[in-house]
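Shown below is the structure under consideration.
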Amino acid sequence: MKIDNSLPLEYATEQNKMNIFGFWVFIGAEVMLFATLFATYFTLENRIGNGPAGAEIFELTPVLIETLVLLTSSFMIGLGIHAMRIGRKNAMLTFFGITLLLGLTFLGVEIYEFMHYAHVGAGLQVSAFTGILLTTLGTHGAHVTVGLFWGLFIMMQVKKKGITPQTANKSFIFSLYWHFLDVVWIFIFSFIYLKGLM
Amino acid sequence: MDYFDRFAIPHPSPAIYASMVAIGLTMIAIVIGLTYFKKWGYLWDEWLTTVDHKRIGIMYLISALLMLFRGGVDALMMRAQTAVPDNTLLDAQHYNEVFTTHGVVMIIFMAMPFIYALMNFVVPLQIGARDVAFPRLNALSFWLFFMGAMLFNISFVIGGSPDAGWTSYFPLAGNDFSQSVGTNYYMLSIQIAGIGTLISGINFIVTIFKMRAPNMKLMKMPMFTWTALITNAIVVFAFPVLTIALLLGTMDRLFGTHIFSMTNGGMDMLWANLFWVWGHPEVYILILPAFGIYSEVISTFSRRNLYGYTSMVASIVIISFFSFLVWMHHFFTMGQGPLSNSIFSITTMAIAIPTGIKIFNWLLTMRKGKIRFTVPMLYSVGFIPIFTIGGVTGVMLGMASADYQYHNTMFLVAHFHYTIIPGVVFAMLAGLTYWWPKMFGFMLNERIGKWAFWFVAIGFNVTFFPMFFTGLDGQARRMYTYSEATGFGPLNMLSFVGAIGLAIGFALIVYNVYYSVRHSSRDIGSDPWDARTLEWATQTPVQSYNFARTPQVDSIEALWDLKRKGKPIFKGDIEKIHMPNNSGMPFIMSCIFFVWGFSLVFSMWIPAIITTIAIFACMAYRSFEKDDGHYISVEDIKATEKDWEVLADENR
Ligand code: HEM
Ligand SMILES: [Cu+2]
């Protein structure tokens with residue numbers, strides 16, 4: 001493995017560069033995936049059958065908590081990557097840890113939110129609207145869940161091996177993923193909740 | 001016993017039971033054969049765990065050919081059933097199942113792997129790379145496709161085939177109208193294969209952008225690589241749409257959501273839209289690599305460089321862009337209103353323009369060329385007029401108001417076969433014959449190949465041309481029979497005769513493989529066609545590391561320049577080469593995917609949950625695994641390269 005020291009560690013080898021580029025292409029595919037979900041959501045938004053409409057079931061408080069928590073976590077992982085770049089392993093691990101804890105909090109609130117929907121008669125099978133709402137939120141939530149495990153595994157590797165070209169590369173890619181989930185959430189927040197509440 | 005009832009076939013026939021027995025016996029024979037000849041280790045070490053793009057290409061190839069025959073049998077059954085009026089060979093239900101599996105198998109499990117077979121084998125060689133960017137993911141892509149195909153193919157003996165058409169329109173595909181698990185198979189097997197394709201898409205984009213030989217600018221890439229790049233870009237943007245469509249379809253069928261249903265706010269047209277937002281780009285995913293192959297073949301066998309390289313590149317880029325803007329032409333008649341119909345009508349017809357440019361470029365390449373009519377060249381030359389008929393009838397279909405006459409008739413069936421068969425099947429056969437010597441170290445027999453070509457080309461036209469007429473006369477597609485009074489009988493009989501001609505053509509191709517394995521010369525050198533691009537600047541069979549020294553390229557036709565102008569490609573000393581290790585993980589993970597899909601098809605939740613966890617466990621394992629690959633030493637490379645001509649040439 002040739003290591004190019006003029007670049008940040010995560011870009012230092014050819015394979016690392018390819019991994020990062022490949023991940024960007026993957027994010028392109030993910031954009032299409034969520035774009036399709038959103039398009040479907042907008043199509044079905046008002047097709048509520050005999051079930052409730054968005055304005056009847058959305059609750060602002062948990063959604064605000066989720067948004068706040070996720071935005072902060074995105075900031076934290078940014079700090080984590082900064083710490084990684086300046087070679088501060090422990091700081092990096094701390095920031096990553098905080099990120100994951102915030103992610104976990106997000107997931108907890110989302111589970112509460114889902115239970116609330118089930119409670120108020122907005123289950124998966126009620127109408128086209130509830131179906132696509134829960135599928136869209138669920139797809140994002142599943143991504144966060146995967147991210148929690150993935151992040152945890154990366155932390156374990158950094159802890160064991162330190163900041164090497166490999167672990168730096170993995171951590172950086174994970175941070176891209178996490179930021180991406182945050183961006184998706186902003187769309188969910190604006191175009192599903194806020195629009196629905198209006 | 002009740003538990004096992006679900007695996008029974010809802011609509012059996014003696015033929016299906018016979019197939020069950022045949023499948024069982026074949027599996028037993030394979031197991032016994034492998035054990036008897038002690039080939040398990042070989043199979044595992046050399047194939048199941050390989051990450052070599054060339055071997056993966058060959059595995060794609062074998063699977064595609066198998067699927068070609070499965071789909072071909074379906075086709076013959078359909079033509080036989082409709083050969084005479086009021087035929088009872090198949091009943092309505094079986095006919096539904098047969099046209100559904102025919103469509104899915106041919107598009108998803110034959111055409112796609114065929115394309116990826118050639119891309120895998122050729123693209124890294126054409127750009128002077130050692131492998132693709134992510135060799136393991138490449139193996140995973142293949143195995144996911146393979147397991148998806150297997151899952152789809154067992155449907156007709158376990159639980160029943162899908163029967164809602166390859167387009168699987170809702171509400172027909174919903175639980176009310178498709179009660180068997182058939183459509184579950186459709187949703188899940190295509191999902192699994194589709195994830196594999198998406199991964200390939202990413203892999204090839206990175207490979208082509210990041211692993212080209214030094215100095216090979218984008219505009220210096222051979223045309224096949226260009227088409228591969230654009231095709232994979234379409235894959236990355238189109239396949240996620242299919243992923244979501246299938247996910248939502250699965251939710252409707254397994255979890256009772258109402259996305260595509262007719263009640264509780266569901267919207268059946270949404271499926272049609274999502275399907276074709278993927279589906280139309282998909283037809284260009286199929287055709288663009290074919291254009292690439294024709295460009296290579298026509299230029300090689302006309303002994304001229306490709307005419308209008310830049311306009312070729314521009315037109316594939318334009319085609320790829322437009323391919324996303326025409327999907328609605330698949331349902332002009334389903335009530336969008338005049339405005340959208342007009343817009344989509346215009347975009348549809350516009351696509352014919354860049355396609356036309358390409359046709360003229362090929363013709364101009366041949367003009368004044370010294371043409372050699374080899375088998376690949378025959379397919380390429382045959383393609384041009386036949387495909388033009390397909391394109392022109394496409395424009396006819398693209399006129400929204402006229403489409404009310406053509407839609408869902410045999411005219412449409414004739415159109416898309418006139419595009420897909422010369423566009424994909426001819427191209428794949430051309431590419432296969434062209435690259436065969438590089439893959440296997442001997443040539444296919446030209447004489448048998450030419451016979452096969454004529455059977456295929458004439459058989460094809462005899463089969464599909466009559467459909468334009470029966471279609472205009474009102475014969476609807478997907479009808480299992482018709483009465484004598486309609487007068488469709490004679491032309492349908494003609495189609496059947498043509499189909500037999502096609503079948504003979506394909507049988508000849510198989511015979512050709514057998515014949516050539518036994519009789520062809522193995523002493524063909526490394527460049528038997530006198531070709532122009534880098535893949536022929538390797539040994540035959542290709543070394544595991546492809547190129548001992550990274551090629552230096554500054555033209556589209558590097559090998560041609562070497563041969564005609566003496567411009568060397570390989571300079572400098574041999575250094576040790578880093579190669580990835582084999583891995584069983586892609587295969588194992590895909591097997592788990594198979595069980596996962598199977599469990600979901602039958603709503604068996606416990607195995608479904610266990611396999612879901614197992615899939616993630618595999619990924620976690622991969623994350624922790626330490627694998628730095630291995631090096632091939634300079635001595636080993638020198639030993640392999642010892643008596644190879646190009647190297648010898650340049651050391652002079
Ligand atoms: C000049 C270019 C083309 C035009 C203008 C065109 C136009 C159309 C139109 C308008 C339809 C829908 C007709 C209807 O349902 O009534 C159609 C169907 C279709 N076309 Fe084309 N097409 C073109 C090229 C191609 C190519 C290159 C392929 C494949 C490689 C292709 C494959 C298909 C398929 C598979 C269908 C319909 C399948 C189905 O409904 O099951 N077409 N085409
Ligand atoms: Cu189309």
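Can you spot the lysines whose alpha carbon is less than 26 Å from B:Lys220's alpha carbon? Ignore those fewer than 8 places along the same chain.
In chain and number order, the partners are A:Lys17, B:Lys54, B:Lys210, B:Lys358, B:Lys368, B:Lys370, B:Lys438, B:Lys563, B:Lys565, B:Lys567, B:Lys571.
Let me have the relative contact order for region B:104-188, percent, based on Cα pairs under 8 Å that are six or more residues apart.
25
Follow-up question, since we're still on this one. With each label point set 7 Å from Cα along the Cα-Cβ vector, what nm distance links A:Leu60 and B:Leu472?
Computed distance between label sites A:Leu60 and B:Leu472 equals 6.6 nm.
Continuing with this model, one more query. Place the peptides A:179-191, A:91-103 in order of packing, highest mean first, counting for every residue the other Cβ atoms within 10 Å and averaging per peptide. Can you show the working numbers first?
Details: A:179-191: 17.5, A:91-103: 20.2.
Put in order of decreasing packing, that is A:91-103, A:179-191.
Sticking with this one: Counting Lys +1, Arg +1, Asp -1, Glu -1, what net charge surrounds A:Leu64 among other residues with beta carbon under 14 Å of its beta carbon?
Values: positive: none; negative: A:Glu59, A:Glu66, A:Glu110, A:Glu113.
Once all neighbours under 14 Å are counted, the net charge is -4.
Can you find, among B:Thr347, B:Ile386, B:Tyr17, the residue sitting farthest towards the positive end of the charge dipole of the protein assembly as shown, where Lys and Arg contribute +1 and Asp and Glu -1 at Cβ?
B:Ile386
OK, next. Roughly how big is chain B's charge dipole about its Cα centre, with Cβ charges of +1 (Lys, Arg) and -1 (Asp, Glu), in debye to the nearest 20?
Charge dipole of chain B: 1860 debye, to the nearest 20.
Could I ask something else about it? Helix B:410-420 versus the longest principal axis of chain B: what angle, 0 to 90°, nearest 10, using Cα atoms?
Helix B:410-420 sits at roughly 10 degrees to that axis.
With unit charges on the beta carbon (Lys/Arg positive, Asp/Glu negative), name the residue among A:Gly49, A:Phe129, A:Gly80 whose Cα is farthest towards the positive pole of the charge dipole of chain A.
Projecting each Cα onto the dipole axis, the largest value belongs to A:Gly80.
On average, how many beta carbons from a partner chain sit within 10 Å of the beta carbon of a residue in B:266-277?
3
Something else now. Report the one residue of B:Ala430, B:Thr250, B:Trp596 whose Cα lies farthest in the direction of the positive end of the charge dipole of chain B (charges on C-beta: Lys and Arg +1, Asp and Glu -1; origin at the Cα centre).
Value computed over the given set: B:Ala430.
Still on this structure, please answer the following. Enter the angle in degrees (range 0 to 90, nearest 10) between the Cα long axis of helix B:223-255 and the first principal axis of the Cα atoms of chain B, meaning the one along which they spread out most.
Compared with the principal axis, the helix lies near 30 degrees.
Please check: in the Gaussian network model of chain A (C-alpha springs, under 10 Å), which one of A:Ala122, A:Ala168, A:Ala142 has the largest mean-square fluctuation.
A:Ala142
Hey, can you find the accessible area per residue of region B:532-652 for me, probe 1.4 Å, expressed in square angstrom?
Spelled out: the 1.4 Å probe surface of region B:532-652, per residue, equals 51 Å².
Can you tell me the orientation of helix B:182-210 relative to chain B, as the angle in degrees between its alpha-carbon axis and the longest Cα principal axis, to the nearest 10?
Result, in degrees: 30.
Something else now. Given the convex hull over the Cα atoms of the protein assembly as shown, what projected area results after averaging over all orientations, in nm²?
Projected area, direction-averaged: 37.0 nm².
Rounded to the nearest 500, what is the 222 nm mean residue ellipticity of chain A from helices alone, with -39500 (n - 2.57) per DSSP H run of 4+ residues and division by all residues?
Taking each H run of at least 4 residues, the total per residue is -26500 deg cm²/dmol.
Mind giving me the nanometre distance, one decimal, between the label points for B:Ser342 and A:Thr145, set 7 Å out from Cα along Cα→Cβ?
Modelled inter-label distance: 4.9 nm.
Still on this model: So how strong a dipole does region A:1-102 carry about its Cα centre when Lys and Arg Cβ are +1 and Asp and Glu Cβ are -1, to the nearest 20 debye?
460
Mind giving me the FRET efficiency for B:Trp454 and A:Ala118? R0 is 60 Å, r the Cβ-Cβ distance, nearest 0.05 is fine.
0.35
Could you give the dipole magnitude of the protein assembly as shown about its Cα centre, charging the beta-carbon of Lys and Arg +1 and that of Asp and Glu -1, in debye to the nearest 20?
Roughly 2520 debye, rounded to the nearest 20.
What net charge is computed for the residues neighbouring B:Leu274, neighbours being all others with C-beta under 13 Å from the C-beta of B:Leu274, Lys and Arg scored +1, Asp and Glu -1? Could you put the intermediate results ahead of the total?
Numbers: positive: none; negative: B:Asp252, B:Asp268, B:Glu282.
Net charge around B:Leu274: -3.
The values are calculated or read from the model by the stated rules, or taken from the named source; none is laboratory data. Everything numeric in this text was worked out from a predicted model, so none of it was measured. Heads up, the Cβs are rebuilt from the backbone with ideal geometry, glycines too, and the neighbour counts pull from every protein chain shown. Ligands, DNA and RNA are excluded from the accessible area calculation, which covers all protein heavy atoms including side chains. Shrake-Rupley method; radii C 1.70, N 1.55, O 1.52, S 1.80 Å.
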